[in-house]
Amino acid sequence: MTRFLLPCVWIAWGLSYPLMSWSLEAVDLFSGRLIIMPTSGLILLALGVWKGAPALPDRRLWGQIALTGLFNMGLFQIFLIAGIATLGPSRTPIIIYTMPAWSALLAVFLLKERITLRIALSLALSLAAVGIIISQETAARTAPVGTLLTLLAAISFGIGTVLTKRMAMSGDTTINAAWQILLGSLPVVIVWLVFSRGAYFRPEHVRGLVALAWLILVSNVLAYACWFRIIRALPAAVAGLTTLVVPCVGFGSSALMTAAKVSWLDGVALALIIAAVTLALVGREPSKAKDSGQGALTT
């Protein structure tokens, strides 16, 4: 099942980066988040109820859902938006996907996961690929604040993945995803209130509205529904490594859709990432009962 879920996540999250640029024709970044997050959360909630799950999780799960939602949704979205606003959409996803390194390191301490030689080599290849991309990005050197904010998004992403796996939440995955998104929207509201002076909404821009619809239905609803099940099936370190395909899709689609330049070094980085994911996944079996935790993440 994981082999079918992973491509959905790769495409859904990868295309979200250039489409986020298109969505800016219709709505600003922070206002867009306040449309995307609650709407996708409510759709997931409705889907969960339609499947027969109770709309409210078990009382003992609320604290866990709130904490994971803070990292997976709230802080990640805030830092992501700040990074994109500073560095642009083409190479921002590459910096963000240093996340597997953070997930793997945290998994050692919090989940007692063992970092095998294959996983260590996979991490090394992935970080080398990220280094190649960042070395070409003038903005990453001239806008250190933006780079730092993007790295904070990656760290938040990694922390959220490991915490969710550690909590091994029970209950319906769709309902848990919905409430993580809804609760994670709250800190975004606070930030929006600070920067709301520059907010705008231009419904006459059809391409921007279409991009916004993709971000809601595909990059959030579909991707989160798949991602929760991936986290349940794989160890946190391996699940994080699987997302390394996302920046490939994000960078390539941004180059095509926003006219960003692609160099031969980008091809080298892409090859390293493919090798890293292959090393992490080949020969793996889905986790059994001891890895029954579920998780989330988002764009």
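Details
- Some residue of segment 40-53 being surrounded by 16 or more Cβ atoms within 10 Å (Cβ to Cβ), within 16 Å of L212 (Cβ to Cβ), more than 17 Å from the chain's Cα centre (by Cα) and touching a residue at least 24 places away in the same chain (Cβ under 8 Å): yes
Residues checked against (1) closer than 26 Å to R114 by Cα; (2) at pLDDT 70 or above; (3) in a helix (DSSP H, G or I); (4) hydroxyl-bearing (S, T, Y):
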| residue | (1), (2), (3), (4) |
| --- | --- |
| S196 | no, yes, yes, yes |
| L222 | no, yes, yes, no |
| R229 | yes, yes, yes, no |
| L241 | yes, no, yes, no |
| M257 | no, no, yes, no |
| K290 | yes, no, yes, no |
| G293 | yes, no, no, no |
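- If you go through segment 187-217 and keep only what is under 14 Å from S23 (Cα atoms) and β-branched (V, I, T), you end up with V206, V210, I216.
- Residue count for segment 103-129, restricted to those that are under 21 Å from the mean Cα position of the chain (by Cα) and under 21 Å from P247 (Cβ atoms): 14
- Flag for L149 being modelled with pLDDT of 70 or more, in a helix (DSSP H, G or I) and within 12 Å of F79 (Cβ to Cβ): yes
The values are calculated or read from the model by the stated rules, or taken from the named source; none is laboratory data. Quick caveat, the model's predicted, so the values are computed rather than measured. All Cβ positions, even for glycine, are placed from backbone atoms using ideal geometry, and neighbour counts span all protein chains on display.
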